[in-house]
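The values are calculated or read from the model by the stated rules, or taken from the named source; none is laboratory data. This one's a predicted model, so the numbers in the text were calculated from it and none came from an experiment. A quick note on method: Cβ atoms are made from the backbone with ideal geometry, for glycine too, and the neighbour counts reach across all protein chains shown. Side chains are part of the model used for accessible areas, which takes the heavy atoms of the whole protein and leaves out ligands, DNA and RNA. Shrake-Rupley method; radii C 1.70, N 1.55, O 1.52, S 1.80 Å.
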Amino acid sequence: MKKLFLALLLVVLAAPPATAATQKRTVVYYQTQYSNGATGTYVSPKPLVDRNTGVTDLLVAAIHLNDNRVVHLNDHPPSHSRYAQMWQDLAAMQARGVNVIGMVGGAAPGSFQRLDTRFSEYYPLLRDTIRTYKLNGVDLDVEEQMSIAGIRRVIDALKADFGAGFIITLSPVASALRGGGNLSGFSYEDLYRSHGSKIAYFNGQFYNGWGSAASTANYDQIISRGLIPANKVVLGTLTNPANGGSGYVSTTTLRSTVTSLKTKYPNFGGVAGWEYFNSLPGGTAAPWQWASEVTAMQR
């Protein structure tokens, strides 16, 4: 009886089911929860649904697995009071069919080294964070050296713990998806050969010199290799030139590229934007407009 009760409790506490995109993906990264510094104004992601932008996936950044087995969302524990309204807003978005995904890692090093070399200590922290905040998936942004055995082990554990419907994405630099340079220390093509069925999609970084969204050329190079299909390659872009070192393209240029891609590849995987709070053309006053425009481009 106790086991049955616990099983029912886990069902009740589980995240809303992940939603399969019925359109091309419109993926938004959400890292700046407060504008104008740590004590600034809360930036709610909820206008993305209130304004019917068509957003499909919201990637909350960035989860860090720090020394001494401490989990942070950016610079604070995810349980910090500063995030209370955010978690409420994200639950409301999930109720409207948006997949809320936790981005792990990114530019701050350490999380994946710990998962690689101290898995039994650090993986449970990630697992428990996913459960506590009812995430639909994780985005593994490996921007440090990690073994291919290590990343496979993380993916396998996540699928074992959360089931087939749990969304696992990765965010390599675009060149990594065509066998070129990458920041992760392992081959993404080799990873795809063994674990492609467990990976929902890749948010390729087509900026900062690793690829370009100014034309279809770099995307075409990935698909032409005949391994990773277009429905699993999302065109990752900067939403504002201030959000990266280089590679921002205007909405007009992006529209031209996306129009060509959806014509070439009927199963084109979609577009991702780094990041939400200052997305052009609306800027900080109306950052949701970027998602609206990107969804419209893909129709």
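Residue pairs whose Cβ atoms lie under 6 Å apart, sitting 6 or more positions apart in sequence or on different chains, and linking a residue in the stretch 53-72 that is polar (S, T, N, Q) to a partner that is part of a loop (DSSP other than H, G, I, E, B), are T53/W288; T56/A21. When the stretch 42-70 is examined, which residues are found to be surrounded by fewer than 17 Cβ atoms within 10 Å (Cβ to Cβ) and either part of a helix (DSSP H, G or I) or modelled with pLDDT under 95 (or both)? Of everything in the stretch 42-70, those that are surrounded by fewer than 17 Cβ atoms within 10 Å (Cβ to Cβ) and either part of a helix (DSSP H, G or I) or modelled with pLDDT under 95 (or both) turn out to be D50, D67, N68, R69. Considering only residues in the stretch 95-113 that are outside any loop (DSSP other than H, G, I, E, B) and open to solvent by 20 Å² or more (accessible area, probe 1.4 Å), the one that is farthest from V71 (Cα to Cα) turns out to be A95. Pairing residues of the stretch 271-294 that are over 16 Å from V249 (Cα atoms) with residues that are at pLDDT below 95, at Cβ distances under 8 Å and at least 6 apart in sequence or on separate chains, gives F277/S35; T284/S35. Within the stretch 162-179, the set of residues being more than 19 Å from V271 (Cβ to Cβ) and either open to solvent by 30 Å² or more (accessible area, probe 1.4 Å) or without any contact (Cβ under 8 Å) to a residue 12 or more places away in the chain (or both) comprises F162, G163, A164, G165, G179. Residues in the stretch 194-217 that are touching a residue at least 24 places away in the same chain (Cβ under 8 Å), closer than 11 Å to K232 by Cβ and surrounded by fewer than 17 Cβ atoms within 10 Å (Cβ to Cβ): G196 alone. The single condition from (1) β-branched (V, I, T); (2) open to solvent by 10 Å² or more (accessible area, probe 1.4 Å); (3) touching a strand residue (DSSP E or B) at 6+ places or on another chain (Cβ under 8 Å) that T239 fails is (2). Those residues that are part of a loop (DSSP other than H, G, I, E, B) and among the hydrophobic types (A, V, I, L, M, F, W, C), I need them from the stretch 201-249; list them, please. Correct list: F206, W210, A213, A214, L227, I228, V249.
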